[in-house]
Ligand SMILES: [Zn+2]
Ligand SMILES: [Zn+2]
């Protein structure tokens with residue numbers, strides 16, 4: 001198999017298995033286990049190609065670097081942790097969202113990003129209250 005195809009398959013597989021959307025450096029770190037000597041330029045090239053084939057989609061959080069996820073997950077949303085800046089999947093959706101639009105407006109689609117603290121960050125801040133004042 002051609003090396004670029006192999007690299008692309010490895011990157012697609014990483015995104016299939018990922019529990020959340022990943023940034024290119026995160027994709028590189030995970031795909032490097034399957035494809036040694038993988039470079040970040042190759043990751044970007046593979047991502048462009050996979051996007052063109054509609055196998056992956058971009059997850060854009062305002063002010064954040066673009067992340068990527070597989071296109072096979074269907075309609076869902078994301079939770080952004082303000083502390084660790086990780087993105088989590090939110091599988092739930094509300095059919096009531098279309099009712100938010102003014103009368104006579106037809107809603108075709110929507111995007112939701114929930115912002116807050118993930119369970120990890122809540123625990124960390126709770127058990128180490130002095131974590132922010134590193135004065136040693
Ligand atoms: Zn967090
Ligand atoms: Zn939705």
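The values are calculated or read from the model by the stated rules, or taken from the named source; none is laboratory data. The structure presented is a predicted model; accordingly, all values stated were derived computationally and were not measured. A quick note on method: Cβ atoms are made from the backbone with ideal geometry, for glycine too, and the neighbour counts reach across all protein chains shown.
Filter region 86-111 for residues that are part of a loop (DSSP other than H, G, I, E, B) and more than 13 Å from ligand 2 (Cβ to nearest atom) and give the result.
86, 101, 102, 103, 104, 105, 106, listed by residue number.
How many residues are surrounded by 10 or more Cβ atoms within 10 Å (Cβ to Cβ) and within 27 Å of residue 67 (Cα to Cα) if we restrict to region 87-114?
Residues meeting the conditions: 13.
Looking for something surrounded by 14 or more Cβ atoms within 10 Å (Cβ to Cβ), over 22 Å from residue 109 (Cα atoms) and not assigned by TED's automatic domain parsing to the domain that holds residue 22 - is there at least one such residue anywhere in region 35-47?
Checking region 35-47: not a single residue is surrounded by 14 or more Cβ atoms within 10 Å (Cβ to Cβ), over 22 Å from residue 109 (Cα atoms) and not assigned by TED's automatic domain parsing to the domain that holds residue 22.
So residue 116 clears everything in (1) touching a helix residue (DSSP H, G or I) at 6+ places or on another chain (Cβ under 6 Å); (2) closer than 25 Å to residue 25 by Cα except one condition, right? Which one?
So residue 116 meets the others, but not (1).
Going by the conditions given, is residue 73 within 16 Å of ligand 1 (Cβ to nearest atom), surrounded by 11 or more Cβ atoms within 10 Å (Cβ to Cβ) and modelled with pLDDT under 95?
Here the answer is no, as residue 73 does not meet what is asked.
Filter region 112-132 down to residues that are modelled with pLDDT under 95 and in a loop (DSSP other than H, G, I, E, B) and give me whichever is farthest from ligand 2 (Cβ to nearest atom).
By that ranking, first place goes to 130.
All but one of (1) at pLDDT below 95; (2) closer than 16 Å to residue 23 by Cβ; (3) in contact with a strand residue (DSSP E or B) (Cβ under 9 Å, 6 or more places away or on another chain); (4) away from ligand 1 (no atom under 16 Å from the Cβ) hold for residue 86; which doesn't?
(4)
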